[in-house]
Structure formats: structure tokens, C-alpha cells
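This report concerns only the one structure given below.
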Amino acid sequence: MDLSKKYNPKAVEEKWQEKWKKMKIYRFDKNNTKKKIYSIDTPPPTVSGNIHMGHAFSYSHTDFIARYQRMRGKNVFYPFGFDDNGLPTEKYVEKKRKIKGHNMDRQAFIKICLEECEDAEKLFTGLWTRIGLSVDWNLKYSSIDQRAQKTCQKAFVDLYDMGRSYIKEAPSIWCPGCRTTLAQVELEDKEFDSYFNDIIFELENGEKIVIATTRPELLPACVAVIVHPDNEKTKYLINKKVKVPLFNNTVKVIADKRVDPDKGSGIVMCCTFGDQTDMEWWKAYNLELKTAITPAGKMTELAGKYKDMKIEEARKAIIDDLKKEGLLIKQKPIKHTVNVHDRCGKPIEFLVKKQWFYKLLDRKKEFLEQGNKINWYPKFMKVRFDNWIKGLQWDWSVSRQRFYGIPIPVWYCKECGKEFLPKTDELPVDPTKDKAPVKKCTGCGCNEFIGDKDVFDTWSCSSLTPQINAWWIDETGNKNICKKIYPFSLRPQAHDIITFWAFNTVVQSLYHNKSIPWENIMISGHALDQNSQKMSKSKGNVVEPQEVLDKFSADALRFWAAGTKLGDDLPYLEKDLKTGLKFANKIWNASKFSIMHLEDYNFKAKDIKLFPADHWILNKMNETIKNTTDSFEKYAYSKAKKLTEYFFLVDVCDNYLEIVKDRLYNPQNYDQQSRLAAQYTLYQIILNSLKMSAPITPYVTEETYQLYFAKAEKIESIHISPWPEELKKVDKKQADIGELAIKIVAAIRKFKSDNRMALNEKLSEIIIQAPKELHNELKTIEPDIKGAVKSEKLILRKAEHKIEGTDILFSIKT
RNA sequence: GAGCCAUUAGUCUAGCCUGGCUAUGACGUCGCCCUUACAAGGCGAAGGUCCCCGGUUCAAAUCCGGGAUGGCUCACCA
């Protein structure tokens, strides 16, 4: 038996990574019908090159639960996926390979993306394995693989058949730099220096009014002028006609409450499109559409002499001309925040494009109901989900003008534009390569078709992770596990993506499966840096899990990750990683000590007469098992960890082991069964401490389990061993007496320490003064007390030092 | 502007839902101890206006109202 003095995490962790793989203990058993299934809808991390402590943090949380459930005897379905399609991955590849997707061959670009993803995923997989995720890697998937493509396209086709997916010319958020539509969530605020320009517009009767704008280059796209209906100063303008300066077309004045009467002159020009409000007005009042900016960010023909200028150039030129004509009366410098694309930092534009949408707005109430059916941990996170739904204003735009992603499975008739979708059994398809599903257009008879070049946004695929994992596309095939694992038991994720990932998944599940996607959702917080700042590349404060694993260990990392309540953020502090290392070492040493004394332990011995101290620690153990189990059931892993940690460090190591040592080393001083009672108790408390710690620190607990308990229990790994249950034979009264012993010993230790005595200093006698009714009880704990404080005798008479929390006093003689 | 969350020793954190112990534990600090599991240790000690102001109550870190500060999400940004 290897009982080295110090626990060596590096060697141990490497060893078990290998062994666990060979033992296949994390394998989901799809043929087992007896065990209850616990299925996890694991978040697929975005393949975009960087991985930080935030990932390690939240993935650890999921693993705590997976390991706990496995020990509870569940058949755990714990897959792992990679989100490796879409814009984030494209950007990662473009940067790494110094290429641009839009000026190279599409298929060549896709090939490079696939290569890069494979590399990155190997790296990631290695890292997750080191952290100790008990994932079944046979259940791996990627959001660009055939299964995901088919799932995503089938979802689209089905929604089309249901009338919930539609194509429409609609203003979309557009990034002129990346040349793609964006979703709202891809936007970021950025502050720019700009000017508020006071420009003169003219009424038909020649009267001049002033309109303030930061975007004079949009004058050619001006389609209306808006005032507040109740603004006394501007009310008279309603329904009048106004001439747009430089471009001389006339537009109508409309009244709308969205105008702030105190901003600028209280008169706004509405252009298609300068911002979101412009779009709302355009929609609400059926205004004309004028496009002044091209997808590349240049002026269109509409801009007349400013055509082909870049946005900034046109702005300057128009301001110059306004000045010359005397139409610009003031320029006020301001700082204003503008929506920019989070990945390139360029201000976004609104362009009208043909886009595919999924209908959402008519079913808000049902989404809220679905949310109510799910258990949210922590509860308050549900509020964010509800608020998001209540505030929804747009249907979900799913098409993106990019290259590396899942193709939108549609062909359009070249003549009349009618759309044709494939049947679901023909999926997956790529309309840029494959032939249309029909030979002749049913509308006009034309036989030429154009395949859609767009791809799905990443969320339309990742919102289908439950369907992908449950093999929804192959429900009747032999891979059918859909009915068994759906709805999933758990969705773990971080709180920043409740509003889209969690929400979109609920939507898809309602539409396609008429059910909630999961019964429980567990929301993790973020990992912060040592100054409680969010980790981000631009701040340069990112800590990589790799470093932490090298410097400390996987157990220490996980121990840290279990250090805060579910949903709370946690700063990364090295000192807390050290605590994890110490804990592992402590487990190793205390277990080693116990196991040394268990070598001759006879399991079969029955009717062992336990000492009060034994009852005391076993009673504590029972309480700990009960509370730890309750906590894990509520996904309160940090509480579970704390309870087990306290029981083990304080009750077991500091108190019980110190008391029981003398019985183990000097059994001749006690009656016959005393050593056996100690062994029985040690076995229970050490084994159950290991088990309760196993979900959090899987390596050191496994290593220790294998020293002795694996053989005793005849189970090959602690991680598939049964979860602890409370012992029935514990006597609470005896436990209370045992606690007296603990208190007396602690008081004498403190006395020794206060008087600068060594703790193992021998005493000739201890004198205890206690109420008469305690005398008999003191007799039963006398041997343990004498042994623990190294005293020859224990005498009952008057004593001087009060023991806190008791009616007992003590004195000692050296 | 709105919603949600947080605020507890030098630092991180528990307790709050369900009011009642001397407010938990760790790191750090200080003192003693190399004791046959562990010096990555043991035993002790010091360190707190539980963010502020009110209210409810016999009793408030805990419940209620108001405020401050920080964080996250959303909206606005003509």
C-alpha cells in the first residue's frame, strides 16, 4: 500500500484520467431500463479560441451534480458538445489564419474552419478531461456536424409547414465591417464624440424650422418629420409638409409620443433607418423606404452627388454644403453612445434585407407558462426570463449572411421568387451545392432555381441541443433514446444567456415537442479576477484553467469553484486554491491514519458496543448525510461542500480522531470491544466523508477509496458507489454524553495551550466537578478523556475552571 | 430610465427564505507546540457600527419602507 506522507495530486490525477477512461464508468447505459435516467443538456462552449476560468467554474458545477446523481444510482446521460459554427468561429479562424471569408472561395473557407475547429476541440477535450468532467465522450456532438445540421434544418422546415417560419423584407441590424446581419445580443454600447447639428427645414409657406441630428448623411433617406402630439410649441406642425434641405423632397409631419419634446428642438427627422425608433415609425405609419447606405457602408444613388462616399465622408461633405447654403445654424459637440458590433467595434446600420424569421410574438403567454413549469435554481433568475418575454418586440431573425454555418434549406424560383423547401428525409442539404427539390416551379413553370446562400445564426442551432442529443431526427431508429431522456433533467448554464439560450430553447421545445425542454435549470455566475472584475481579453486579466491546473490541481480548482452559492459570481484568488490543496492533503492523511488501523478490522462483527464518543460522531455523520443530500437535491453544491468539509475537518479530524487515538494505540487499557468499536466508527465516518466529498474533489477521494474501501465494498470506483445513507443504530442520548467528552477534552487542551504546555504533556490527574446526575455518565466517558488528554487518573471533586456550555468545572495536576 | 442581484473583520465567504446562541469558516496576522495521520500540520488569541436611516417586534444581520454604493440584464442614445 502506498502511504506516502504527502498527497501528490499531479501523479494521482493523471493516473485516474487514464483509469476512468478504461473503466468506462461514465458511460450512459441506453439499454438499462431499471435505473432512473438523469439527463443533462450540457452547454456547448463556443469554439473561438479562448477558454478561461469562467468555463472551468460553471462546468465544474454541472459535474458536481452529475457525479452526485450517478452515486444516487441514476443512469446519467452527460453528453458534451461544441458550438463550432457561425460568426464567432468564423472570426476566430479569420484572425488566426489571417484570411477573410468574404473574399475567398466559400468551400475552401469552410474547410479551413473545420480544420481549426478540430484542433481547438482536441485542446478543449483534454482540458475538460483534466478538470475531471465525468462526461460520456461517446455522446459528443458538434453544432456543425451532420446530426446538428439535420436537426436544425428539420426544425426550420417543420416550422415552415406550421406557418411559424416566414421570409420577409425587414430592417435588420447590419454590420458594414463584417457584412452580416446581427442579432440584438451581438451589440455593444460604445461612446463616440459627435455633433448635434441644428439643420433648417422649410415649410411650404416658407417658414423655417430647426431639426437637430447627429446623422446628417441620412438626409437623403428622410421620409417623415415627427413631433410630440402634446407639445404646445410644435403641435401646429402636425400634418403640414416640410421640405428636406439639399434634397428638396417633401415629407409629412407626424405626431408620435416617442418624441422627447425637450431634446434638440423637439422635432425629429425620421430616416430609413438611423435607429430603432425610425424602424418603429416606419412600420407604424407605413412610411416609404429609402435606402441611403449600401451593405458595404457607402452611399447609394439616392444620395445624388454624395454617391459612393463612405458614411463618414458623406457626413462631412453634407455638413460643408449645409454650411455653404446657410442651412446649418449650430453644431454642438456631444458624446453619445452608439450601438456597435461586439466583435469588431464598428457602428451598426439598419438595412432592409430578405430575412427568415421564427414567429414569437403571438405566443408570449405560453412561453411564460413554460417557464413556470421549470424549476429555477436559484429561483430569482426566472424573473429575468419573464421580463425578457414581456419585453419582446421582434420575431426571431434566424438568417445570417455568412459562410460557415448551417445552410438555410431553401431554393427560390429564378422567375417568380417562389420558395421551395426539401422534405425532411432529404436533409441535410446545402442549397449552394445541391439541386432544388422540384424540377418545375409550381407557380410559373420555370425550371431554374437559386439556392439560398445564407446560414442560420448560431442560436437557432444551439437552441436545439436537447433535440440534437435526444436524436429527435431519428426517433424510430435504433438510436432512439428521445423518449427516455426528454425532457432533460437539467440545463446548466450561466446567467448572461438566460434571455437567449434558455429562452430560445424553451421556444423550440414548445414548438417541436409541445413540452418543456428540461425539468430543472441551474444558473451559474461568473468567475471574476482578484479585483472582482469580469475576466476579459481586453482587460488582460484572464486566468487560464491550464495554469491553475498546473500550479494547483483539478481537485483544488473544483474545490474553489464550489466555494460560492449557485448563481453568485466568485473572484479567483490563489489563496482559495491553496485551501483546496490543503483539503485534499488532509483527506489523504486522515484516511491513511484510519486505514492503518483498519487492516485487521472484522466487518462481520455484530452487536458492537459503541462508546459515547462513537455515538456522538456517528450522530454528527447522520446529520451531515441528511443535510448534504438535501443540499445536493436543491443544487446547493456549495452548502453541501461546506457541510461535508466542516464535518470532516472539525468533527472527524480535530475532535474524533484525537479522542480515539489512545483506544487504537493502547487497546490494552480498555475493555475488549473498544478497539473494534473505534474501527467500526472510523470505517463509517471516513468512507462516508470520502463519498460526500467525491462529487467535488473526485481525484483524491478516488485515490483514497482505492486504498481500502474499494475492496471492502467490492466496487471498482467511488464514483459509481452508492451514496451514503444514515445509520440506524445511533443512540442520541449516548451521543449527547459523547459530546460532553469532546467539550471536556477541548477545555483541557485550551488550558494546556494557554499555559504554554505541550499538548501531549502527561498529567497525573484531572479533577472534574459536575452535578450528581452526570456522575454515571462521566464514568462511561472517563477512558476516552484520560486517553485524549494523557492523564493517569480522573477524579470527581471540587474543581476551578468552568467549561463553556456545561455545568462542569475542571482542574488538572501535572 | 426599468428590472434583478449584492453590500457581513485586512481579504474571500456562511447565516437571511422560516427573527432568538458569544455572528460561520477559510486566507492573512500574533502566541505556543516538530504530538507515532498530516509543519501544505496542531492548539489557542486578536480582529465586526452585519452599507446608512427609519419602521414592525419582548427581540432584527435576518422581516417591511426609504436611501447610498457596486454588479448584471434590458431599454434609450433623433
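Scanning segment A:468-490 turns up no residue that is within 30 Å of residue A:528 (Cβ to Cβ) and within 16 Å of RNA strand B (Cβ to nearest atom). For residue A:806, the criteria (1) away from RNA strand B (no atom under 13 Å from the Cβ); (2) assigned to a loop (DSSP other than H, G, I, E, B); (3) touching a residue at least 12 places away in the same chain (Cβ under 8 Å) hold in every case but one, which is (1). Can you confirm whether residue A:230 is over 45 Å from the mean Cα position of the chain (by Cα), modelled with pLDDT under 90 and not in a helix (DSSP H, G or I)? Yes; evaluated as a whole, the condition is true for this residue.
Results for (1) more than 12 Å from residue A:219 (Cα to Cα); (2) away from RNA strand B (no atom under 12 Å from the Cβ); (3) open to solvent by less than 20 Å² (accessible area, probe 1.4 Å), shown as yes or no for each residue.
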position: A:263; (1), (2), (3): yes, no, no
position: A:271; (1), (2), (3): no, no, yes
position: A:284; (1), (2), (3): yes, yes, no
position: A:328; (1), (2), (3): yes, yes, no
position: A:332; (1), (2), (3): yes, no, no
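Check whether at least one residue in segment A:623-639 is of a type in the set (Asp, Glu), open to solvent by 40 Å² or more (accessible area, probe 1.4 Å) and under 30 Å from residue A:662 (Cα atoms), and report yes or no. Checked against the condition, which is being of a type in the set (Asp, Glu), open to solvent by 40 Å² or more (accessible area, probe 1.4 Å) and under 30 Å from residue A:662 (Cα atoms), segment A:623-639 yields at least one hit. Within segment A:132-149, the set of residues being in a helix (DSSP H, G or I) and buried (at least 22 other Cβ atoms within 10 Å of the Cβ) comprises A:148, A:149. For segment A:345-365, taking the residues that are more than 22 Å from residue A:155 (Cα to Cα) and open to solvent by 50 Å² or more (accessible area, probe 1.4 Å), the one that is farthest from the chain's Cα centre (by Cα) is identified as A:353. Applying the criterion of being of a type in the set (S, T, N, Q) and under 34 Å from the mean Cα position of the chain (by Cα) to the residues of segment A:618-647, the residue that is nearest to RNA strand B (Cβ to nearest atom) is A:638.
Filtered by the rule that a residue be within 22 Å of residue A:612 (Cα to Cα), buried (at least 18 other Cβ atoms within 10 Å of the Cβ) and of a type in the set (A, V, I, L, M, F, W, C), segment A:775-814 gives A:778, A:781, A:785, A:788, A:789, A:794, A:803, A:808, A:810.
Test residue A:577 against the criterion of being outside any helix (DSSP H, G or I), farther than 24 Å from residue A:72 by Cβ and open to solvent by less than 10 Å² (accessible area, probe 1.4 Å), and give yes or no. It is false that residue A:577 is outside any helix (DSSP H, G or I), farther than 24 Å from residue A:72 by Cβ and open to solvent by less than 10 Å² (accessible area, probe 1.4 Å). Taking the criterion of being of a type in the set (Asp, Glu) and either open to solvent by less than 50 Å² (accessible area, probe 1.4 Å) or closer than 30 Å to residue A:444 by Cα (or both), the residues of segment A:366-423 that qualify are A:386, A:395, A:415, A:419.
Yes or no, residue by residue, for (1) touching a Ser or Thr at 6+ places or on another chain (Cβ under 8 Å); (2) closer than 30 Å to residue A:498 by Cβ:
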position	(1), (2)
A:172	yes, yes
A:188	no, yes
A:191	yes, yes
A:194	yes, no
A:197	yes, no
A:217	no, no
A:221	yes, no
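Among the residues in segment A:239-260, are any part of a helix (DSSP H, G or I) and surrounded by 13 or more Cβ atoms within 10 Å (Cβ to Cβ)? Checked segment A:239-260: no residue is part of a helix (DSSP H, G or I) and surrounded by 13 or more Cβ atoms within 10 Å (Cβ to Cβ).
Looking at this structure, is residue A:593 part of a helix (DSSP H, G or I) and open to solvent by 20 Å² or more (accessible area, probe 1.4 Å)? Before you say what the answer is, go through the steps one by one.
On the way: part of a helix (DSSP H, G or I): yes; open to solvent by 20 Å² or more (accessible area, probe 1.4 Å): yes.
Yes; evaluated as a whole, the condition is true for this residue.
All of (1) assigned to a strand (DSSP E or B); (2) closer than 30 Å to residue A:170 by Cα hold for residue A:315 with one exception: (1). Checking each residue in segment A:648-686 for being more than 11 Å from RNA strand B (Cβ to nearest atom), in a helix (DSSP H, G or I) and open to solvent by 40 Å² or more (accessible area, probe 1.4 Å) picks out A:667, A:668, A:669, A:675.
Take residue A:507 and tell me if it is at negative phi, within 16 Å of RNA strand B (Cβ to nearest atom) and not aromatic (Phe, Trp, Tyr). No; evaluated as a whole, the condition is false for this residue. Return the residue satisfying two criteria in turn: it lies in segment A:602-622 and is assigned to a helix (DSSP H, G or I) and of a type in the set (D, E, K, R), and of such residues it is surrounded by the most Cβ atoms within 10 Å (Cβ to Cβ). Only one residue fits best here, namely A:614. In segment A:286-307, the residues that are open to solvent by 60 Å² or more (accessible area, probe 1.4 Å) reach residues that are outside any helix (DSSP H, G or I) and small (Gly, Ala, Ser) with C-beta atoms within less than 9 angstrom, at least six apart or across chains, in these pairs: A:288/A:224; A:302/A:292. Counted as qualifying within segment A:371-466 are the strands (runs of 3 or more DSSP E) with 2 or more residues that are farther than 24 Å from residue A:154 by Cβ and out of contact with any helix residue (DSSP H, G or I) (no Cβ under 8 Å at 6 or more places or on another chain), namely A:375-377. For segment A:567-587, which positions are more than 8 Å from RNA strand B (Cβ to nearest atom) and in contact with a helix residue (DSSP H, G or I) (Cβ under 7 Å, 6 or more places away or on another chain)? Listed by number, the residues that qualify are A:572, A:577, A:580, A:583, A:587.
Here A:688, A:666 are screened, and the one residue that is closer than 30 Å to residue A:29 by Cβ and over 28 Å from the mean Cα position of the chain (by Cα) is A:688.
Could you grab me the full set of residues in segment A:530-551 that are within 11 Å of RNA strand B (Cβ to nearest atom) and either open to solvent by less than 20 Å² (accessible area, probe 1.4 Å) or of a type outside the set (Gly, Ala, Ser) (or both)? Result: A:530, A:531, A:533, A:534, A:535, A:539.
Tallying residues that are more than 8 Å from RNA strand B (Cβ to nearest atom) and touching a helix residue (DSSP H, G or I) at 6+ places or on another chain (Cβ under 7 Å) within segment A:736-763 yields 11. Within the option set A:689, A:721, A:693, being open to solvent by less than 30 Å² (accessible area, probe 1.4 Å), more than 16 Å from RNA strand B (Cβ to nearest atom) and not basic (Lys, Arg) holds for one residue only, A:721.
Of the residues making up segment A:550-571, those that are of a type in the set (D, E, K, R) and assigned to a helix (DSSP H, G or I) are A:550, A:551, A:555, A:558. Against the definition (hydrophobic (A, V, I, L, M, F, W, C) and within 16 Å of RNA strand B (Cβ to nearest atom)), how does residue A:388 come out, yes or no? For residue A:388, the condition - hydrophobic (A, V, I, L, M, F, W, C) and within 16 Å of RNA strand B (Cβ to nearest atom) - is met.
Here the condition is being outside any helix (DSSP H, G or I), touching a residue at least 40 places away in the same chain (Cβ under 8 Å) and within 30 Å of the chain's Cα centre (by Cα); of A:209, A:173, A:199, it holds for A:173 alone.
Spot the failing condition for residue A:546; the list is (1) touching an Asp or Glu at 6+ places or on another chain (Cβ under 8 Å); (2) part of a helix (DSSP H, G or I), and only one is missed. Failed condition: (1).
The values are calculated or read from the model by the stated rules, or taken from the named source; none is laboratory data. Since the structure is predicted, the reported quantities are computational estimates derived from the model, not experimental observations. All Cβ positions, even for glycine, are placed from backbone atoms using ideal geometry, and neighbour counts span all protein chains on display. We work out accessible area using only protein heavy atoms, side chains counted, and drop any ligands, DNA or RNA first. Shrake-Rupley method; radii C 1.70, N 1.55, O 1.52, S 1.80 Å.
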